[in-house]
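Contents: one structure, followed by commentary.
The values are calculated or read from the model by the stated rules, or taken from the named source; none is laboratory data. Not measured: the values here are computed from a predicted model. Methodologically, a virtual Cβ is constructed for each residue, glycine included, from the backbone with ideal geometry; neighbour enumeration extends over all protein chains shown. Surface accessibility is based on the protein's heavy atoms, side chains included, excluding ligands, DNA and RNA. Shrake-Rupley method; radii C 1.70, N 1.55, O 1.52, S 1.80 Å.
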Amino acid sequence: MTMPFGPIRQLGYIVTDIHAAMRQWIEGPGVGPFYYLENNGALAQSGGVQIELIQLRDDSPSFFHTFVGEFGEGLHHVAFWTEHFDACVEAALARGYVEIHHGRSGRGRPDDRFAYFDGGSADGTAIEISERGVDKRALFDAIAHAAEGWDGTGPVRDMAALLSEVTGTGNGTPR
């Protein structure tokens, strides 16, 4: 069996209380540190997998709200990171996945694309294909590096500061 998108690189959870969810990941399995951006989300790393926590902050219609309405909080998506975005999107469509959302993250650069697909899973979990452009790569690598040998200090950190450090801007969170 081939893996058309490569390994799973991120698990994205929708949570009702992001601070409680971060605490559960930190105090339970010891995942951290989490990089948190107010009104956006939190990211941490465990081995080769990034954990993303998403708290909905408004009632505007979105595929996130659709998921919560049908399934409640929980695992919303699994993400695959790629430098071959167009080929991965074509592979998803060829497998019968239906695109449900797409856009650009971070500064909206040409290499900041992402797309979510409905793969027909019974629990509503979506597939995300995320282009690993320059800014996203720098951010995600810094988060992974911080998790290596993490000693429990500074369990929740400022993502805006990390974004400024690695990309020169703190204006948005790459997905």
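Take the residues of segment 63-78 that are open to solvent by 20 Å² or more (accessible area, probe 1.4 Å) and in a helix (DSSP H, G or I): which is modelled with the lowest pLDDT?
Restricting to residues being open to solvent by 20 Å² or more (accessible area, probe 1.4 Å) and in a helix (DSSP H, G or I), the top hit is PHE63.
Among the residues of segment 131-148, is there at least one that is on the phi > 0 side of the Ramachandran plot and at pLDDT 90 or above?
Scanning segment 131-148, I find no residue that is on the phi > 0 side of the Ramachandran plot and at pLDDT 90 or above, so the answer is no.
Conditions first: (1) at pLDDT 95 or above; (2) in a helix (DSSP H, G or I). TRP81 passes all but one, so which condition is the exception?
With respect to (1) at pLDDT 95 or above; (2) in a helix (DSSP H, G or I), TRP81 is out only on (2).
Taking into account only those residues within segment 49-62 that are open to solvent by 30 Å² or more (accessible area, probe 1.4 Å) and not charged (D, E, K, R), which is nearest to GLU148 (Cα to Cα)?
VAL49
How about segment 157-175: which of its residues are of a type in the set (S, T, N, Q), surrounded by 19 or more Cβ atoms within 10 Å (Cβ to Cβ) and modelled with pLDDT of 50 or more?
Listed by number, the list holds a single entry, THR167.
Scanning for something of a type outside the set (D, E, K, R), at pLDDT 95 or above and under 24 Å from ALA147 (Cβ atoms), does segment 89-97 turn up at least one residue?
No, there is no match, as no residue in segment 89-97 is of a type outside the set (D, E, K, R), at pLDDT 95 or above and under 24 Å from ALA147 (Cβ atoms).
Within segment 123-140, does at least one residue satisfy the condition of being open to solvent by less than 70 Å² (accessible area, probe 1.4 Å), over 18 Å from GLN45 (Cα atoms), out of contact with any helix residue (DSSP H, G or I) (no Cβ under 7 Å at 6 or more places or on another chain) and not small (Gly, Ala, Ser)?
So far as segment 123-140 goes, yes, one or more of its residues are open to solvent by less than 70 Å² (accessible area, probe 1.4 Å), over 18 Å from GLN45 (Cα atoms), out of contact with any helix residue (DSSP H, G or I) (no Cβ under 7 Å at 6 or more places or on another chain) and not small (Gly, Ala, Ser).
ALA94 is checked against (1) within 23 Å of ASP17 (Cα to Cα); (2) among the aliphatic types (A, V, I, L, M); (3) out of contact with any helix residue (DSSP H, G or I) (no Cβ under 7 Å at 6 or more places or on another chain) and fails just one. What number does that condition carry?
Unmet for ALA94, out of (1) within 23 Å of ASP17 (Cα to Cα); (2) among the aliphatic types (A, V, I, L, M); (3) out of contact with any helix residue (DSSP H, G or I) (no Cβ under 7 Å at 6 or more places or on another chain): (1).
Out of the residues in segment 95-114 that are part of a loop (DSSP other than H, G, I, E, B), of a type in the set (Gly, Ala, Ser) and touching an Asp or Glu at 6+ places or on another chain (Cβ under 9 Å), state the one that is nearest to THR66 (Cα to Cα).
The selected residue is SER105.
Taking segment 67-98 on its own, how many of its residues are of a type in the set (Ser, Thr, Tyr) and under 18 Å from the mean Cα position of the chain (by Cα)?
Of the residues in that region, 1 qualify.
Which of the numbered conditions does THR16 fail, given that it passes all the others? Conditions: (1) crowded, with 19+ Cβ neighbours inside 10 Å; (2) β-branched (Val, Ile, Thr); (3) over 26 Å from SER164 (Cα atoms).
(1) is the only condition that THR16 fails.
Name every residue in segment 4-55 that is aliphatic (A, V, I, L, M) and either assigned to a helix (DSSP H, G or I) or closer than 17 Å to TYR116 by Cα (or both), in order of residue number.
At the first step, the residues of segment 4-55 found to be aliphatic (A, V, I, L, M) are 8, 11, 14-15, 18, 20-22, 26, 31, 37, 42-44, 49, 51, 53-54.
The answer is ILE8, LEU11, ILE14, ILE18, ALA20, ALA21, MET22, ILE26, ILE51, LEU53, ILE54.
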